[in-house]
Amino acid sequence: MAPGEPIVKDSPFFAALDCFVQKAEFRAVNEASLARIMEIGGLPGRKHEMFTFVRIRPHIDTPFQPKFGVDSLSCNTVRRLVYHGCEKSFLVIGDGVFYPGLSDISAVREELTVRPLIDAMTEVGQRLRDAAAATNDITAAMNGAFCSGGLAIGVKAGTKLSAPLQIIVYSTSANERLNATFPAVTLDLGEGAKAVVIVKTAGEAGAYLSNALFDLRLGVAATLDWAFIQSDDAAAIHLANIRMTAQKYARFSGVTACKGSRMTRQHHECRLQGEGAELSLSGVTILEKKEEAHHYVRVHHEAPRCQSRQHFKNILSDNGHSSVDSCVTVHPDAQLTDSNQLVNNLMLSPDATADNKPWLSIYADDVKCTHGATIGKIDEDQIFYLKSRGIPEERARALLTTSFAQSVIAAIPQVDAALDARDMLIGKLEAKGFGVN
Amino acid sequence: MLEINRLRAGYGEAEILKGISLTVKPGEIHGIMGPNGHGKSTMSKILIGHPAYAVTGGGVTFNGKNLLEMPPEKRALEGMFLAYQYPVEIPGVNNAEFLRMAYNEKRKHEKLEPVDPLDFDELLNAKMKFLGMDSRFKERAVNEGFSGGEKKKNEILQMALLEPKVAILDEIDSGLDIDALKVVAEGVNKLAGPGNSLMIITHYPRILQYIKPHHVHVLIRGKIVRSGGMDLAEELETTGYDSYLKEK
């Protein structure tokens, strides 16, 4: 059992449970999750292996109000969040609840199925319950304990989505309490299906807790190009659990761009279950002030001849704190695994912190696995090279800093999403005097 | 144009240049020859203002201005250029964007309007064609993954765009096969003219068969020990530097 502290009966967690109005469809998931929280041993401290670098407790052991559905969310607000190219292929989750009326999937209606999660629990309830019963992550278990809504998406075998699908996860804030939302999204790609899916999280100015679960299943030879644009308010607590399973020859290519916030944590749990499956996961984070962003990644090679590539880049200024704790586990049957992990950190301040733990756990004997991390400042030789071409020092520094992030941003599979990530992240640097133009 | 007067300079505690004097006039091509480790590259780094090297004596004027007082970017904007022996790789920075930025800095210095990306693209295409370069170099990161020859060509491309008054080519021939050397040398020759000057730094006389210098200098132990014309380079081809190294 992981080191933790039992949740006492008068804790904010139980206070929230007391006012939680459970829906019958979700009861099994809620109860399995609650039971798991008790089994896990309560709220994790710093000795918990999963939270070595993250002081999660103050952010989840805090008074919050589970919220299901927005009081108001205008079409104009939504429209501002929709990417060019997704105007007829976007779905809106507001405070944990799917809003078909605010969504528009007319461009891809014939190519996929979209249902409110509550209507799909007969099909997906069991897997959510099983996952809840097995998770070691308190944040995933909390999502399950309060889960009451979300989305179930399916792309049929052999279908290629003709437009990128955008999922907007919007949260509202309130002055008198901390709104907390717990949406879950299941996405199933049938055999040979192909899709580009972009998640954008955003919210009102102010504090809120967004704890979302994404359960992605890729069938045989399915392809998912996935991007996650985390653009929550700086006062928000953003927690996300992304589970992905890939069958034979399936390919998952994911990019996560994090603006960071008071607490941002993403947990990727990826399983390459079929022979020849491929994963590529990259991330870019730019932090300032006291912002935090943490990536906890577990990649399981469970079948032979799978490939995984991970590359995370962080740019840290002021007192920003990032971490990347990433383990690749190669199971005994996963011979001929090809895996690499790389974390690069660019430190712009002596007070910033970058924790890195790329590691391996290998139980097969014919594999190729690499892992590494770098922490550094801007390369002075590069600065001098640019200066010797007439570029002033401050512009040279700006160019090198922004270009550090650019390679990951460029991997975002949709142009407008990539531009949004660029503006969101590079904009932070420009505001700090790292503007190139 | 460039007047180097009894220049002494070093790296850390070591004095490497021990009193170099050299005058480079407009339109002249100077070959600076000498074995490795005797100060040729140090001289080039000093002239472009590398912070790792310290001037301990003498002076340099560039078009009548004190070069040593200028920061590196000012030297570049005034027309001083170094084609590096080992060009730095800059992952993530698009080559075309970098070139446009450098080009527009120069225009700004000359109080001209910046060129927009489309106009610059036309100019860049023309310069690349002029140097026989593949257009794919535009979209790659600066020097990242370039072969030795590609890096040298990219340096000459920058020279072609920035049109410096004095260009120092530091071992531009190193790492090049004979065909690449010819291409690079042809590019340099096309850029040489009455208004600008070249300093070809090399320890190997072959490059000077392709870029004919007006003056050749032998740099040994931080000093110019002999100056002459093209015949000096030809002499070095047969005699090498041994006789200079034996002299105390």
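The values are calculated or read from the model by the stated rules, or taken from the named source; none is laboratory data. Note that this is a predicted model, so its numbers are computed, not measured. Backbone-built Cβ (ideal geometry, glycine too); neighbour counts: all protein chains shown. Accessible surface is based on the protein model in full, side chains and every heavy atom, while ligands, DNA and RNA are left aside. Shrake-Rupley method; radii C 1.70, N 1.55, O 1.52, S 1.80 Å.
Miscellaneous remarks
- Put A:Val114, B:Val93 in order of accessible area, highest first, and with a 1.4 Å probe you get A:Val114, B:Val93.
- Modelled FRET efficiency - R0 22 Å, A:Arg79 with A:Glu110, Cβ distances, 0.05 increments: 0.40
- Whole-number D in µm²/s for chain B (Stokes-Einstein; Kirkwood sum over Cα pairs; 37 °C, 0.692 mPa s): 176
- Computed from the alpha carbon atoms alone, the convex hull of the range B:17-114 holds 143 Å³ per residue.
- Placing A:Asp333, A:Asp232, A:Asp318 in order of accessible area, with the largest value first and a 1.4 Å probe, yields A:Asp333, A:Asp318, A:Asp232.
- Within 10 Å of the Cβ of each residue in A:403-410, the mean number of Cβ atoms contributed by other protein chains is 3.
- Sequence ranges A:357-369, A:403-415, ranked by mean other-Cβ count within 10 angstrom, highest first: A:403-415, A:357-369
- A:Glu39-A:Arg127 FRET efficiency (beta carbon distance; Förster radius 22 Å; 0.05 resolution): 0.70
- Accessible area in square angstrom per residue, the protein assembly as shown, 1.4 angstrom probe: 40
- For residues of B:71-77, the mean tally of beta carbons on other chains within 10 Å: 6
- Listed by chain and number, the lysines whose C-alpha is less than 22 Å from the C-alpha of A:Lys259, apart from same-chain residues fewer than 8 away, are A:Lys200, A:Lys289, A:Lys290, A:Lys313, A:Lys357, A:Lys377, A:Lys428, A:Lys432.
- Cα extents of the range A:1-137 along the three principal axes, largest first (Å): 49, 31, 30
- Taken over the alpha carbons of the range B:172-230 as equal point scatterers, the Debye sum produces base-10 log I(q)/I(0) values at 0.12, 0.16, 0.26, 0.28 Å⁻¹ of -0.31, -0.55, -1.16, -1.25.
- In order along the range A:266-271, the Karplus-derived 3J(HN,Hα) couplings, from 6.51 cos²θ - 1.76 cosθ + 1.60 at θ = phi - 60°, round to 10, 10, 9, 10, 10, 10 Hz, and Gly and Pro are given as x.
- If you plug the beta carbon distance of B:Lys65 and A:Ala431 into 1/(1 + (r/R0)^6) with R0 = 51 Å, you get a FRET efficiency near 0.85.
- Segments A:299-309, A:42-52 sorted - mean Cβ within 10 Å per residue, highest first: A:299-309, A:42-52
- Prolate/oblate/rounded call for the range B:7-68, Cα gyration tensor, a/c under 1.5 rounded: oblate
- Normalising the average separation of contacting C-alpha pairs (under 8 angstrom, six or more residues apart) by the number of residues puts the relative contact order of chain B at 28 percent.
- When you filter the GluC sites (Glu not before Pro) in the range A:90-182 for DSSP loop state and at most 11 other Cβ atoms inside 10 Å of their Cβ, you are left with A:Glu110, A:Glu176.
- For the range A:379-430, diffusion coefficient by Stokes-Einstein and Kirkwood Rh (Cα), 37 °C, 0.692 mPa s, µm²/s: 277
- Highest-fluctuation residue, A:Lys194, A:Lys160, A:Lys23 considered, GNM on chain A with Cα pairs under 10 Å: A:Lys23
- The relative contact order of chain A, computed from alpha carbon pairs under 8 Å that lie at least 6 residues apart in sequence, is 10 percent.
- For the peptides B:112-118, B:169-175, A:383-389, B:61-67, residues were scored by their other Cβ atoms within 10 Å and the scores averaged per peptide; the highest-first order is A:383-389, B:169-175, B:61-67, B:112-118.
- The GNM of chain B, with springs linking C-alpha atoms under 10 angstrom apart, assigns the highest mean-square fluctuation among B:Glu144, B:Glu163, B:Glu122 to B:Glu122.
- To put it simply, the accessible area of chain A at a 1.4 Å probe is 50 percent carbon and sulfur.
- Cut-off under 5 Å, modelled amide H: who pairs with A:Gly254 long-range: A:Trp226, A:Ser280, A:Leu281, A:Ser282
- Cα gyration tensor, the range A:291-437 - rounded (a/c under 1.5), prolate or oblate: prolate
- Amide H to amide H, with H built 1.01 Å from N, B:Ile200 comes under 5 Å of B:His30, B:Gly31, B:Ile32, B:Leu169, counting only residues 5 or more places away or on other chains.
- Residues whose amide H comes within less than 5 Å of that of A:Asn345, counting only those at least five positions distant or on another chain, are A:Asn314, A:Thr374, A:Ile375, A:Gly376 (H built at 1.01 Å from N in the peptide plane).
- Mean residue ellipticity, 222 nm, helices only, chain B: the sum of -39500 (n - 2.57) across DSSP H runs of n ≥ 4, divided by residue count and rounded to 500, is -11000 deg cm²/dmol.
- Prolate/oblate/rounded call for chain A, Cα gyration tensor, a/c under 1.5 rounded: rounded
- Counting, for every residue in A:372-385, the Cβ atoms of other protein chains within 10 Å of its Cβ and taking the mean gives 3.
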